[in-house]
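I have placed the structure first, in the form of structure tokens, so that the comments after it can refer back to it.
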Amino acid sequence: MNIFTQFEGYIKKTLQDIDLNDDALKMLSRISAEPPRDPSHGDISTNAAMVMAKPAGKNPRELAQVIADGLEKLDEVSVVSIAGPGFINLKLSDAFWIEHLSTIFMTGKDYGRGLVSDGMKVNVEYVSANPTGPMHVGHCRGAVVGDALAKLLEFAGFDVTKEYYVNDAGGQIGVLAASLYHRYLEALGDDVGKVPEGLYPGDYLIPPAKALVVEYGNKLKAMSDDERLSLLKETSIISMMGMIKEDLAALNIHHDVFFSERDLHAKKDGKSTIDTMLQKMRDKGHVYEGKLPPPKGEMPEDWEDREQTLFRSTAVGDDADRALVKSDGSYTYFAADVAYFQDKFDRGYKRMIYVLGADHSGYAKRLKAVCKAVAGDKAELDVLFCQLVKLMRDGEPFKMSKRAGDFITLRDVVDEVGCDAVRFMMLYRKAEAPLDFDFAKVTEQSKDNPVFYVQYAHARVASVFRQVANDMPDLDVSADALTKADLTLLTDAGEVALIRKAAEFPRIIEQASRADEPHRLAFYLYEMASELHSHWSKGKESPELRFINHKNAQLTLSRLVLLRSIASVIASGLAIIGVSAPEEMR
């Protein structure tokens, strides 16, 4: 249950009961109910009076008073106040919070689940790094953001497919095959010298090269160029994708689908997927034969002043029409992009999300144009860009270059600080903002390390239950006993604040899933943990606030319900972002 959506409904019902004109009622969709910035103002704040006043022809403060009079009649509301130009603040009754805590406890890890969608099919494509080597830290952020977003959408009620697009049809695969052949000759003992300029020099090609020697001996040298190239391409792709999957698994990332670009080019009954797409687009009027105007600024080396097959993308929102066929008759990367989106749409997805690196920022308009051309208004497309991560050690950033062979791999980072630290910290900034990843900061045990701070909150709850078992062995703390606890005993303001913060969880899920912003969840979890740690500290100075009261078993049971509910919310949030919820920390 999202209490803010619940009260938004109450507010709209109150407005409908007031004598307002049609112009004012048309503004109902702009009404919001959200937590006030200052908690001392109440539990829920609404802009209803300011939104409705002008079209209703009324003074905002006067209209706010009329609305407040209606909201005061709600059993869930204890105090209504008006602030500033017409903000209405609601303080909810203690009875409401107690009842809602019971809801959180009884719902458990399903609290907040499935409130946004009833199963819309969504495709989230993320990582999609070229299969030319192991994952480096530059891929890490998009991998974590995409995976957390997919988990978030699934929790919100969407039918999600996590997809990886394998770029295995471009020229880089030929370079990879040539690089593997050099390592193969080296493994045979041939004097081939250093890896030639332009090939991939990384040691990661040595194991598959040795495996080729074991399987084929020196037979590759006798093969025709085409036969050898085909074998080397297939072997290198399989080897690199195996390595990439292992790297991703170290981050607890597992895709549902690995879609091969080569499948788009493969012929079946004389036609490829791209051929079929091209015909569909011609029939819709999106493909034509013509010339592209010279690009503005510096002339690209590959630009050709010739008649060619073009995609009429300017008609659907793009900045320029796009070439579909190269001068040698092969298809462009853009043609494959269109066919790939067409394939996704044909598979029934109503929403497609692409998680890309910041260096692909120019792709947003063209991809949205493709969506409009292919699907019209029957599907939507979102593009999420992830800024670079600056990896710091001793005050100096690491330099990464896949071709130079001295890049820092994703596994290097995970092996040093752990999967949990990497995942949480990659989400502790908005994806579009640059991120500094400090090795020292993500491993220290302090409030300044967000992942430790949140995990410690969950572990603290577990420690209370272990202490109860030790100090009050006769106290029944089973689920059945906790269900019967008298929650009206929870009267301290800090306890109510904990319930209030936990009740924000469904709203965070809804907002984050609609905005494609999983970082909101990481921020929320830190705030939730801060509330718990703060209340815990008060118990050190005021023993009556401690979660375990040896003289009052019933109060202890009530507080255990509160703790269990908070731990459940934290565990759910951590699971969504792919971080563990430990029972103890050492």
Tell me which of these Ile353 doesn't satisfy, since it passes every other one: (1) of a type outside the set (Asp, Glu); (2) in contact with a strand residue (DSSP E or B) (Cβ under 9 Å, 6 or more places away or on another chain); (3) buried (at least 20 other Cβ atoms within 10 Å of the Cβ); (4) not in a strand (DSSP E or B).
(4)
Residue in the range 324-347 that is in contact with a strand residue (DSSP E or B) (Cβ under 6 Å, 6 or more places away or on another chain), part of a helix (DSSP H, G or I) and touching a residue at least 24 places away in the same chain (Cβ under 8 Å) present:
yes
Only helices (runs of 4 or more DSSP H) wholly contained in the range 1-88 count here; list those with 3 or more residues that are of a type outside the set (Asp, Glu) and either touching a residue at least 12 places away in the same chain (Cβ under 8 Å) or closer than 29 Å to Val116 by Cα (or both).
3-17, 48-56, 60-71
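Could you grab me the full set of residues in the range 213-230 that are among the hydrophobic types (A, V, I, L, M, F, W, C), more than 14 Å from Arg183 (Cβ to Cβ), without any contact (Cβ under 8 Å) to a residue 40 or more places away in the chain and surrounded by 11 or more Cβ atoms within 10 Å (Cβ to Cβ)?
Step one: of the range 213-230, the residues among the hydrophobic types (A, V, I, L, M, F, W, C) are 213-214, 220, 222-223, 229.
Still in the list and also more than 14 Å from Arg183 (Cβ to Cβ): 222-223, 229.
So of that shortlist, the ones also without any contact (Cβ under 8 Å) to a residue 40 or more places away in the chain come out as 222-223.
Result: Met223, single match.
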Among the residues of the range 67-81 satisfying the criterion of being buried (at least 17 other Cβ atoms within 10 Å of the Cβ) and either of a type in the set (A, V, I, L, M) or not assigned by TED's automatic domain parsing to the domain that holds Gly42 (or both), which is nearest to Pro36 (Cα to Cα)?
Val80
Where Trp97 falls short, out of the listed (1) free of Cβ contacts under 8 Å to residues at least 60 places away in the same chain; (2) more than 30 Å from Leu384 (Cα to Cα); (3) outside any loop (DSSP other than H, G, I, E, B); (4) out of contact with any His (no Cβ under 9 Å at 6 or more places or on another chain):
(1)
Pairs only if they're at least six apart or on different chains, beta carbon under 9 angstrom, first in the range 544-556 and over 15 Å from Asp476 (Cα atoms), second crowded, with 16+ Cβ neighbours inside 10 Å and of a type in the set (A, V, I, L, M); list them, first residue then second.
Phe547/Val461; Phe547/Val464; Phe547/Val468; Phe547/Leu560; Phe547/Leu562; Phe547/Leu563
Quick check on this structure: which one of Asp476, Asp486, Asp480, Asp492 is out of contact with any helix residue (DSSP H, G or I) (no Cβ under 9 Å at 6 or more places or on another chain) and either modelled with pLDDT of 95 or more or not assigned by TED's automatic domain parsing to the domain that holds Ala553 (or both)?
Asp480
Can you tell me how many residues in the range 408-434 are surrounded by 15 or more Cβ atoms within 10 Å (Cβ to Cβ), touching a Cys at 6+ places or on another chain (Cβ under 9 Å) and more than 23 Å from Ala249 (Cβ to Cβ)?
0
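This table checks each residue for (1) without any contact (Cβ under 8 Å) to a residue 40 or more places away in the chain; (2) in a helix (DSSP H, G or I); (3) surrounded by fewer than 18 Cβ atoms within 10 Å (Cβ to Cβ).
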site	(1), (2), (3)
Thr488	no, yes, yes
Leu498	no, yes, no
Ala529	no, yes, no
Lys540	yes, yes, yes
Return the pairs, sorted by first residue and then second, in which the second residue is modelled with pLDDT under 95 and among the aliphatic types (A, V, I, L, M), the first residue lies in the range 106-131 and is closer than 17 Å to Ala575 by Cα and surrounded by fewer than 23 Cβ atoms within 10 Å (Cβ to Cβ), the beta carbons are less than 9 Å apart, and the residues are 6+ apart or on different chains.
Thr107/Met1; Tyr111/Met1
Given the criteria more than 16 Å from the chain's Cα centre (by Cα) and polar (S, T, N, Q), does Thr161 qualify?
no
Would the range 75-88 turn up any residue that is in contact with a Ser or Thr (Cβ under 7 Å, 6 or more places away or on another chain), under 30 Å from Gly494 (Cβ atoms) and aromatic (Phe, Trp, Tyr)?
yes
Any helices (runs of 4 or more DSSP H) falling wholly within the range 409-475 and containing at least 2 residues that are out of contact with any Ser or Thr (no Cβ under 6 Å at 6 or more places or on another chain) and within 29 Å of Ser565 (Cβ to Cβ)
419-426, 450-471
Are there any pairs, at least 6 apart or on different chains, whose C-beta atoms fall under 6 Å, with the first in the range 356-379 and in the same structural domain as Val316 (by TED's automatic domain parsing) and the second surrounded by 15 or more Cβ atoms within 10 Å (Cβ to Cβ) and among the β-branched types (Val, Ile, Thr), and if so, which?
Ala364/Val383; Leu367/Val383; Ala369/Val316; Val370/Val338; Lys372/Val316; Ala373/Val316
Looking for whichever is more than 21 Å from Phe452 (Cα to Cα), at pLDDT below 95 and not assigned by TED's automatic domain parsing to the domain that holds Arg141 here; the options are Pro543, Pro506. Which one fits?
Pro543
Hey, among Ile253, Ile238, Ile244, Ile206, which residue is within 36 Å of the chain's Cα centre (by Cα), within 30 Å of Cys419 (Cα to Cα) and assigned to a loop (DSSP other than H, G, I, E, B)?
Ile253
Taking the conditions exactly as written (surrounded by 16 or more Cβ atoms within 10 Å (Cβ to Cβ) and either out of contact with any His (no Cβ under 8 Å at 6 or more places or on another chain) or assigned to a loop (DSSP other than H, G, I, E, B) (or both)), does Ala571 satisfy them or not?
no
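Per-residue answers, yes or no, for (1) in contact with a strand residue (DSSP E or B) (Cβ under 9 Å, 6 or more places away or on another chain); (2) in a helix (DSSP H, G or I):
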{"residue": "Leu153", "(1), (2)": "yes, yes"}
{"residue": "Asp190", "(1), (2)": "no, no"}
{"residue": "Tyr200", "(1), (2)": "no, no"}
{"residue": "Glu227", "(1), (2)": "no, yes"}
{"residue": "Leu231", "(1), (2)": "no, yes"}
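Looking at Asp226, Asp159, can you tell me which residue is in the same structural domain as Met352 (by TED's automatic domain parsing) and not aromatic (Phe, Trp, Tyr)?
After applying the criteria, what remains is Asp159.
The values are calculated or read from the model by the stated rules, or taken from the named source; none is laboratory data. This one's a predicted model, so the numbers in the text were calculated from it and none came from an experiment. Every residue, glycine among them, receives a Cβ derived from its backbone with ideal geometry; neighbour counts consider all protein chains shown.
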